[in-house]
Amino acid sequence: MLRTVLKLLLGLLFRVRVLGPADALSRGRPLVLANHDSLLDALLVALFLPGKPLIVLPRVLAGHRIGRLVRRCAECVEPDDSGAATVKRLLRAVRGGRPVVMFPQDRVTTTGTTMKVYGVAGVIALRSGADVIPLRIQGTLHTRWAATGPRWPRQRVPRVTLRVLPAQPFAAPVAVGKGTRRQRINDQLQGLMQQAMVAAEPRRSLFGALLEASALHGRRTRIFEDVRSQITRYGDLLKGAFALGRLTAGFTESGERVGVLLPNIGATVCLVFGLVSRGRVAAMLNYSSGAESVRGACAAATIRTVITSRSFVEVARLQPLLEALSSCRIVYLEDLRGNMRLADKLWILRALLHPASALPETDPAATAVVLFTSGSEARPKGVALSQEGMLASMAQLRAVIDFGPDDKYLNALPMYHIFGLVVGTLMPLLTGTRLFLYTNPLHYKVIPEYAYTRDCTYVFGTSTFLGNYARQAHPYDFYRMRFVISGGEKLHPEVAQLWFSKFGLRVHEGYGATECGPAMAFNAPLGYRAGTVGRFLPGIEYRVVPVPGIEQGGVVHVRGPNLMQGYFFHDRPGVLEPPRSEVGEGWYNTGDVVSVDADGFVTVLGRVKRFAKIAGEMVSLERVETIAYHASPAFKHAAVVEMTRSGESTVLLTTDPELDRIALHHAAREINAQELAVARRVVKVDNLPLLGSGKIDYVTLKEMVVL
């Protein structure tokens with residue numbers, strides 16, 4: 001009787017639905033592994049999951065009144081102190097074909113994402129030969145029974161979904177020691193729970209995700225601020241997006257790629273969402289790359305219209321660049337404001353009240369943005385990213401990093417850079433995380449001051465930028481900082497050491513590419529190993545293809561839901577070339593040589609193009625640079641290849657006026673590097689050329705060596 005009443009009551013209040021292949025619970029040996037977002041989770045499973053499951057009650061419910069209700073509605077297992085009796089009972093149940101539900105976290109999440117898991121579920125899966133079925137309980141994270149912080153939104157009766165996912169393989173670790181075996185079981189279990197979090201993400205458009213975030217967190221919630229001290233609420237963001245979407249739709253066509261030439265300000269964010277909401281594509285132009293590069297980008301992606309701002313053009317001195325774009329229509333934001341009519345204002349009001357009725361339906365598979373590769377080694381290419389691909393990338397990162405309304409991002413990376421756009425700007429806005437946007441990552445003294453005055457908890461940057469911030473900052477500037485993320489280039493050990501010694505902060509390195517929107521691997525707190533870029537993100541498949549002459553590792557090819565739609569090349573304007581590699585269709589050849597150890601940690605050895613053949617052996621130019629940084633950590637170094645009469649040779653360009661080959665040989669011996677990795681020639685320079693993203697401009701470096 002109690003079970004029937006509770007099921008009817010909770011079913012009506014929370015509109016509970018069960019999605020996915022729930023019939024899998026009635027066959028085979030089902031072992032259901034569920035996330036744990038609130039104290040209600042076990043009760044909901046007991047009431048609504050078919051098949052009369054046996055529930056392993058989390059410890060937090062042992063003496064709780066909700067735990068008593070669960071016991072009255074379903075058969076439960078109480079974890080004992082030794083665990084042996086529990087394991088035996090569960091093994092009998094699984095082998096007998098009865099669904100067993102476990103919560104591997106054994107506690108309610110306080111971060112909103114997957115936390116540490118306990119390996120007993122993995123042991124049971126291996127010893128019973130179970131069919132491991134992930135279960136995502138969605139909606140309870142925002143109830144009063146959740147354990148997240150005070151800034152997290154609470155809903156009285158959110159819709160709850162029990163999403164059953166297809167059974168996943170759970171393989172036994174190879175023969176290793178007992179401690180290592182236990183750790184690998186835990187790691188596999190952790191990966192499975194993270195993969196389930198990504199796989200359960202609903203399919204929606206980018207603007208649809210913004211509407212959901214606004215509804216969840218409230219339109220009056222302050223969500224971001226820019227350098228002009230303009231604080232923007234969700235309602236302001238929606239209003240700006242509706243307005244710019246409406247106005248730009250008057251002179252652009254559906255599906256058209258529209259150039260965006262703007263800095264990190266609120267208007268840029270509104271414009272990107274506005275374009276996407278009306279079925280246009282935001283093509284983010286790199287205004288720091290020069291007129292020729294921007295003109296080539298516009299030609300490759302067949303951009304006919306570029307939107308910018310008169311004040312920005314004046315401050316950044318971009319008039320020569322605009323003159324080079326004579327084939328494009330230049331539209332200024334200041335002029336758009338003057339074009340607002342009464343009919344437009346009434347439409348915006350209607351859109352704010354009923355967004356679904358005012359906007360055209362958008363296909364999540366449609367292109368959202370086009371970005372352009374950095375051009376650090378060759379001519380930039382246009383990279384088309386779909387809306388669902390960008391959301392998948394955010395979900396992958398969300399599964400391994402904890403952030404939310406209690407945090408505040410500091411993003412100075414420009415939005416024409418994939419890292420700055422997706423990770424630094426869109427991801428916080430779509431997850432209710434507060435954001436402070438700054439316009440120039442080169443202001444090394446100013447940015448730490450903003451981190452201090454704005455109480456920021458997350459900061460992003462390339463290794464070069466992070467190193468300069470750390471050197472210029474006061475030791476207390478990052479007192480609220482809890483996460484420092486490096487990407488875009490290899491993290492130098494000296495930079496990581498500086499952050500740890502000066503601020504007590506570990507730098508977490510990500511590995512990715514524009515084509516992957518942006519991340520492939522991340523050295524996360526739940527799986528960290530120094531000297532690596534962590535493990536591949538959930539949902540990413542990879543293949544390591546050997547390269548003749550390179551003994552360790554191989555070129556990595558990847559595939560996943562976050563992968564680009566394709567390239568726009570300068571010699572085939574407007575033609576989208578889908579990704580393909582020697583592995584097959586839909587795979588992307590990263591061009592990076594990596595090694596993956598037995599625990600899944602990835603070490604990037606260098607670009608396959610950045611290897612030199614010296615005395616018959618392949619030598620990584622990144623190894624040449626590593627030796628230089630060990631010999632002279634306070635200066636900047638970069639290595640390139642030059643052709644000599646005897647073949648390829650390595651050249652080191654350095655800002656250290658005292659560095660010579662003798663010091664390099666000493667450094668090589670200290671880090672056990674091969675002598676062939678010592679640069680054959682050392683060239684002293686005042687500064688190394690950088691791209692706008694902070695990466696070293698190797699194209700210019702090669703030209704400097706030739707000259």
Here are a few candidate values for P(r) over Cα pairs in 10 Å bins from 0, in percent: (1) 3, 13, 21, 21, 16, 11, 7, 4, 2, 1, 0; (2) 3, 14, 23, 25, 19, 11, 5, 1, 0, 0; (3) 3, 15, 27, 29, 19, 6, 1, 0. Which one was actually calculated from the structure I just gave you? (2)
In the structure displayed, which of LYS445/LYS502; LYS88/LYS178; LYS502/LYS636; LYS408/LYS636 lie more than 22 Å apart, Cα to Cα? LYS408/LYS636
Note on the chain: contact order normalised by length, alpha-carbon pairs under 8 Å, 6 or more apart, percent, works out to 9
Amide H within-cut-off set for VAL383, under 5 Å, with H built and near neighbours excluded: LEU371, PHE372, THR373, PHE568
Estimated 222 nm signal from helices in the chain, with DSSP H stretches of n ≥ 4 weighted -39500 (n - 2.57), rounded to 500: -10000 deg cm²/dmol
Run down the lysines and flag those whose C-alpha is under 18 Å from the C-alpha of LYS7, throwing out any fewer than 8 positions away in its chain. LYS52
Need the C-alpha centroid separation for the stretch 683-705 versus the stretch 304-345, integer Å. 32
Per-residue ³J(HN,Hα) for the stretch 307-319, Karplus 6.51 cos²θ - 1.76 cosθ + 1.60, θ = phi - 60°, Hz, x for Gly and Pro: 9, 9, 9, 4, 5, 5, 4, 5, 5, 8, 6, 9, 4
Can you run phi through the Karplus equation (6.51, -1.76, 1.60; θ = phi - 60°) for the stretch 652-659 and list ³J(HN,Hα) in whole Hz, with x for Gly and Pro? 9, 9, 9, 8, 8, x, 9, 5
Farthest toward positive dipole pole in the chain [+1 Lys/Arg, -1 Asp/Glu at C-beta], among THR453, TRP145, VAL227: TRP145
Compute the acute angle (0 to 90°) between the alpha-carbon long axis of helix 493-503 and the principal axis of greatest extent of the alpha-carbon atoms of the chain; round to the nearest 10°. 60
By how many degrees, 0 to 90 and rounded to 10, does the Cα axis of helix 291-300 deviate from the longest principal axis of the chain? 50
Excluding residues fewer than 8 places away in the same chain, name every one of the aspartates and glutamates whose C-alpha is closer than 14 Å to that of LYS702. GLU377, GLU642, GLU648
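Read-outs throughout are calculated quantities, based only on the coordinates presented, and are distinct from any laboratory measurement. Quick caveat, the model's predicted, so the values are computed rather than measured. Cβ coordinates were reconstructed from backbone atoms using ideal geometry, including for glycine residues, and neighbour counts include every protein chain displayed.
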